[in-house]
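To start, the structure under review is shown below, and the notes come after it.
Where a number appears in this text, it was derived from the coordinates with a stated rule and is not lab data. Not measured: the values here are computed from a predicted model. We place every Cβ from the backbone using ideal geometry, glycine too, and count neighbours over all the protein chains shown.
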Amino acid sequence: MLKSSDRAGWLEPQPRNERPDLDVMHLRRNQLKDTLNRLERLVSPDAVDSVAQLKDELSNFAVRVSLIGQVKAGKTALSNALIGMPNLLPSDVNPWTSVITSVHMNTAQPMGKNAIFSFFTTEEWNQMVDVGGHLGEMAERANFEDERENLRKQIKEMQRRTEARLGRNFQLLLDGYHSFLGFSPDLIKKYVCLGEEDASNDGRYADVTKSAQLFITNENYALPTVLCDTPGVNDPFLLREAVTLDNLSNTDICVVVLSAHQAFSSVDIALVRILMALKHEQLVLFVNRIDELQDPDRQIMEIDSYIRKLLDEQNLPKDLPIVFGSAAWAEIAAAEAADVVEHETDDTLENFALARNNRLGDEYIAEQPLTPGSTANSDTKMADLSGLYELQSILQEKSATNVSVPFMDRLGEQALDLSRQSLLYLQEAGTTTSSLRTDLDFGAFFDDLDQTLQEADEACAQIAGELSDKVLFTMSSTFREFLTSEKASLRAHMKAKRDMGDWRADSEKLRRDLNLAHDEFVRFAPERVNRVFAQTAGRIEKIYGLVLDNDTKLFSVRPPVSHNPKTPVSLMRTMAIDMRTGWFSSWFRTKFDPESYVKKFEAITKAEMQTTLTEMRNVYVSLFIKEVRAQLHEFLSEHIRTLQSLSLLGGEDQRAEVLRKLGIDTEIRQRLAELEAVIIDLEDLTTDATRDGAKDG
């Protein structure tokens with residue numbers, strides 16, 4: 001393997017069957033699935049539904065990978081290469097009607113269908129048509145009457161075209177979906193490509209399609225994976241922006257696709273800033289179109305240095321993975337059809353391979369031929385030089401380490417807690433000598449648990465309140481500082497008598513500072529909530545200690561792990577102050593009194609601040625505390641049910657009745673032995689996951 005300092009973002013070809021980390025992860029997932037199946041049969045009746053829920057979570061688990069970038073960056077061609085099905089998704093799509101297309105690989109198929117195309121709801125369609133979506137709301141807030149009317153005209157034209165093409169079927173489509181047992185590129189085009197009024201043309205349903213989901217089997221992915229191809233971020237209309245951002249907020253790994261011709265433009269920098277609201281270990285940069293460079297081997301190193309320097313200057317993580325490649329080469333390599341490479345690309349690839357060989361040595365190419373198409377090995381070479389193998393390797397590593405391990409560890413911990421509770425209950429039900437202390441007041445214990453729940457609930461709410469007040473204060477201060485700075489900048493621009501249409505507010509810095517404030521909430525809220533969870537688990541352990549007269553049956557109660565707060569869409573979506581052409585340009589070119597410009601800008605900024613702060617408090621903080629409370633209630637409910645079941649084992653008649661209901665009069669010993677074996681397996685699984693995570697870290 002080449003040293004990272006020498007490879008300039010490249011890896012040697014790695015055979016697809018050599019994936020030890022993913023193979024281990026795949027094995028662990030199957031082991032957990034098998035263990036949960038056994039556990040469902042063995043636990044006490046009250047815990048069966050909880051185990052079934054864990055099984056559903058495991059069966060529906062998938063790593064979500066989104067490709068995002070500017071229009072024509074090559075996202076779709078790269079998606080096709082990663083999927084291994086060239087030309088599956090149409091790459092020449094008008095951004096106005098781009099649809100998020102999700103390809104589910106090795107996941108469960110809803111209703112056994114392989115393709116599902118969902119349409120906008122009536123409410124969503126009316127909001128887009130009547131208001132103009134988020135941009136229309138911004139125009140209305142900013143009193144940009146002309147621009148709002150112009151936007152409405154464009155949307156009305158789209159509506160007219162759509163209804164003319166679909167006729168009376170139009171209203172029937174809203175709120176619904178189409179599903180198919182199979183699919184083809186031609187079928188997909190009907191739902192994601194721009195269509196004309198002719199109903200037989202491509203894109204018949206595209207204007208009303210909200211999302212497209214395709215389901216395939218792909219042996220190159222050991223973990224269930226959903227690959228999402230998104231619309232271009234520099235779409236001037238952004239009518240589907242909310243759909244894209246909702247998708248990104250649920251993404252596990254995000255690949256930002258850049259162009260080698262203009263790598264890391266101002267739009268790209270702004271995009272990475274937006275995505276930094278996600279954890280930065282979830283981001284990968286893919287610099288596309290190296291097949292169009294004159295000297296890829298030399299220019300790749302120059303571009304790599306340039307991007308990392310910019311990352312450093314912009315206070316962004318400069319250790320982000322950067323993969324250089326060609327979606328065109330990758331798509332061809334994925335099809336194992338290197339013989340169809342055009343002559344010009346053929347020369348570029350051969351010269352690139354020779355230059356790389358001369359610089360890095362003979363071991364880089366070994367005995368593989370340099371000209372694509374002559375043997376099967378040339379497909380491996382193309383995939384290597386295309387960046388496909390390196391990108392797949394990074395995605396697979398992140399899928400295993402950053403997504404799958406924490407997920408399976410959490411499920412394993414929950415299953416272990418359920419197993420230990422059921423073991424205790426079955427041991428008590430199946431013995432003639434009770435381990436329960438005599439003269440127990442279970443009512444007092446339940447009162448104690450109710451008090452524990454109330455106190456923990458209040459503590460979580462207090463934490464969320466304190467931290468939200470802090471983050472909202474920081475965000476409002478950030479807006480005020482931005483407003484003060486930009487008003488001074490605007491006045492200086494006017495004083496110098498420069499063209500007003502050239503003035504730009506530094507919205508990128510504003511967004512970065514807002515994200516930093518939100519990051520504080522993300523970092524501290526789960527940490528403090530987890531302390532409450534741990535204290536709650538400790539109180540439950542003490543109750544078990546009071547209930548049991550046999551210390552050997554005591555067990556450690558594992559607390560749940562807090563969810564992370566969801567990334568606010570308001571920190572990622574387009575703001576009025578982001579608009580650098582159109583509205584601001586036409587507004588600034590209008591002859592106003594100089595101070596009117598300042599007042600107008602102040603009004604726009606304050607409106608944006610109010611929207612951001614209100615959404616942060618009323619949506620995202622509220623959502624976080626709702627999820628935390630749900631975790632807490634579910635956690636305590638399981639232990640309350642166990643203690644309630646134990647309270648029913650007060651005498652010989654009661655025990656006999658419980659055993660009769662369980663149907664295990666003669667099988668109690670075997671069932672207990674099996675349950676103890678399951679606990680050992682779960683302990684091994686959770687220990688392995690913790691050890692592997694520590695080793696990777």
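Assorted remarks:
- Take 538-548, 212-222 and order them by the average number of nearby Cβ atoms within 10 Å per residue, most first; the result is 212-222, 538-548.
- Rounded if a/c under 1.5, otherwise prolate or oblate - the stretch 474-543, Cα gyration tensor axes: prolate
- Extension gain, Ile680-Leu172: 0.36 nm per intervening residue step, less the Cα-Cα distance, totals 177.4 nm.
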